[in-house]
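Read through the structure below, which is laid out as structure tokens, and then see the notes.
The values are calculated or read from the model by the stated rules, or taken from the named source; none is laboratory data. Note that this is a predicted model, so its numbers are computed, not measured. Using ideal geometry, Cβ is built from the backbone for each residue, glycine included, and neighbour counts are taken over all protein chains shown.
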Amino acid sequence: MQTLSSALALVAGVGAVAIVVAALVGERVPATAAIARRLHRRRTEWTLAVAGASTLGSLYFSEVADYIPCRLCWFQRILMYPIALVALIALVRRDRTSHYYTASLATIGAAIAGYHYLIESGVLDDSESCLAIGMSCAAVWFEGFGFVTLSFMALCGFAAIIALNLVPPPGGTDPSEELS
């Protein structure tokens, strides 16, 4: 499960970068622009897929694999789980404005996940405030492919959600997406 989760996180991270590149390349590459526009039209479904997979993955690691979440892991969960719920409700209600909510939560989550990854990597010191309530935030349960940790997976998921919901498609927003 660690290898599969690590691979999915890398796909999400690469996908986020690809969305940004497609938006920057714009109309100069017609095939890329067409794919980016289709992806943009289905951003709610993709957001639900990423947030849902992240939610299920985190529950698997804590409830089945018995990894104990640290304080920063809990903050990341507090931000990721509602994204899945908001995306599901937006999909059912055909809400075209949900990207404002999901992107806001994902941006805060990405900042926390990035900070957590820097602590896990040893770049920043752990304040050890986590130890007061559980695991150390510097504890690394596993490293997929030599660098993919649980916080890195969360960072990739949040980055994908941000890219899906904030990066406009090449050529701007679809007229069908305009609010009346």
Exercise. Take SER127 and decide whether it is over 20 Å from MET80 (Cα atoms), at pLDDT below 95 and not in a loop (DSSP other than H, G, I, E, B).
Key: no
Quiz item: Can you spot a residue in segment 101-119 that is without any contact (Cβ under 8 Å) to a residue 12 or more places away in the chain, over 29 Å from LEU39 (Cα atoms) and either surrounded by fewer than 18 Cβ atoms within 10 Å (Cβ to Cβ) or touching a Ser or Thr at 6+ places or on another chain (Cβ under 7 Å) (or both)?
Solution: yes
Quiz prompt | Contacts under 6 angstrom Cβ, first residue in segment 19-46 being part of a helix (DSSP H, G or I), partner charged (D, E, K, R), 6 or more apart | solution = ALA33/GLU27
Exercise. Say whether the condition of being at pLDDT below 85, at negative phi and surrounded by fewer than 18 Cβ atoms within 10 Å (Cβ to Cβ) is met by at least one residue in segment 8-24.
Key: no
Quiz item: In segment 136-144, is there at least one residue being at pLDDT below 95, at positive phi and either more than 20 Å from the chain's Cα centre (by Cα) or exposed (fewer than 14 other Cβ atoms within 10 Å of the Cβ) (or both)?
Solution: no
Exercise. Considering each residue of segment 124-170, count those that are without any contact (Cβ under 8 Å) to a residue 60 or more places away in the chain and under 24 Å from ALA7 (Cα atoms), and give that number.
Key: 6
